[in-house]
Amino acid sequence: MTYHDEVTQALKELGEQHRTAGPPPQIEARLRAATRRASSAKRVVPRWVWACAACLVLTVSVWQMTRNRVDHRDGEARVEQLTEFVPIPGSEALPEPVDRVIVRVQMAKEDLRSYGFEIPAPVGKELVRAEFVVGEDGLARAVRFAL
Amino acid sequence: MAALYGRHGGMIYRFALRMIQDESIAEEVTQDVFLALLRQSDRFDPAIGKLSTWLCGIARRLVWKQLERTQRLESMDGADDVPEQSMQDDPASLLTRKEIIMAVQRGIEALPPDLKEVLVFCEFEEMKYDDAAIAIGVPIGTIRSRLYRAKQKLATLLREESVRSRKP
């Protein structure tokens, strides 16, 4: 046999040995895991959807903030829209206070009766915002109401 | 996927292992080939070639990238031309069968990658020349000539081995 023949023969034998070798099982396990990851990744919402959602949230937030600001302004306007101070019935008899504080409260309309106001019935549990002028003796002198 | 891996995984792994001679990298290459199949299966055109050929082509590209990274490439510009030597001696008279096999094995490992891949595809994996040509992306004539050069180189190495063994 020549060298060429020996090489051909050796290649044949080595080829037979070569073909008996299989891949290690961990490759298949890793591939299965990768396939699972890939299929779960396909279910994940695409980035553009996230971007759209983020834009939507941002828009709603800005709108909400603007709206709140308007509401706040409305609130301020509401506070500003107050009646004149009305003397509490019977308070004229009290001494003129040196110090006064304004106490803002929210109370049931019917409770105003206890201050001597005539409230037409029925008022139920309707609430009213009121600002009382209270002297240093703790007694209310006047009140005004938010409209 | 499991069925395709079962059918072609062995060939891809063996090819990668023969070329890179590193089990962990061969595993990585094999895995990447099948992940490519998973992600880019639409790129496979059965009109061009078989699935196995397409997979071998991917494996080959990954292997070459790896070889470039590890600087295992050798020049392909004729530096591996085989010198003319007498090949008529009978090596069996000088070397045992086992020694011949081992010498050829070492010779394969030392072959330049462009010759080795043809040898692995055509001789070890019994791939047809035209399939190997598609997988490697060269004309079929190049496959034949590379295979011839690879065998010639192995024969030369075997002869050198025989000469060494003859020396006292």
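The values are calculated or read from the model by the stated rules, or taken from the named source; none is laboratory data. All figures in this text were calculated on a predicted structure; none of them were measured in a lab. All Cβ positions, glycine included, derive from the backbone under ideal geometry; neighbour counts span all protein chains shown. Surface accessibility is based on the protein's heavy atoms, side chains included, excluding ligands, DNA and RNA. Shrake-Rupley method; radii C 1.70, N 1.55, O 1.52, S 1.80 Å.
With respect to the cross-link table entries B:LYS128/B:LYS151; A:LYS12/B:LYS65; B:LYS50/B:LYS153; B:LYS65/B:LYS98, which display a Cα-Cα separation exceeding 27 Å? Working shown, then result.
Numbers: B:LYS128/B:LYS151 17 Å; A:LYS12/B:LYS65 29 Å; B:LYS50/B:LYS153 30 Å; B:LYS65/B:LYS98 34 Å.
Violating the 27 Å Cα-Cα cut-off are A:LYS12/B:LYS65; B:LYS50/B:LYS153; B:LYS65/B:LYS98.
Can you give the mean number of other chain Cβ atoms that lie within 10 Å of the Cβ atoms in peptide B:4-12? Before the final figure, lay out each step's value.
On the way: counts 0, 6, 3, 0, 0, 5, 5, 3, 2.
Mean inter-chain Cβ contacts per residue within 10 Å come to 3.
In segment A:1-20, the residues that give up 50 Å² or more of accessible area when the other protein chains are added, compared with the chain on its own (1.4 Å probe), are A:TYR3, A:HIS4, A:GLU6, A:VAL7, A:LEU11, A:LEU14, A:HIS18, A:ARG19.
Need one value for B:50-62: mean number of C-beta atoms belonging to other chains within 10 Å of its residues' C-beta atoms. Walk me through the intermediate numbers first.
Values: counts 0, 0, 0, 0, 0, 0, 0, 0, 0, 0, 0, 0, 0.
Partner-chain Cβ atoms within 10 Å, mean over residues of B:50-62: 0.
Mind ranking A:GLU96, B:GLU160 by accessible surface for me, highest first, 1.4 Å probe? Could the numbers behind the result be given before it?
Numbers: A:GLU96 140, B:GLU160 75 Å².
Highest to lowest solvent-accessible surface, that is A:GLU96, B:GLU160.
Full extension from B:THR70 to B:GLN105: what is 0.36 nm times the residue separation minus their Cα-Cα distance, to one decimal in nm?
Working: separation 35, 0.36 × 35 = 12.60 nm, distance 2.15 nm.
Full-extension gain reported as 10.5 nm.
Mind checking how much accessible area B and A bury in total, 1.4 Å probe, in Å² rounded to 100? Spell out each step's value before the answer.
Details: alone 9910 and 12090 Å², together 18890 Å².
Adding both sides of the contact gives about 3100 Å².
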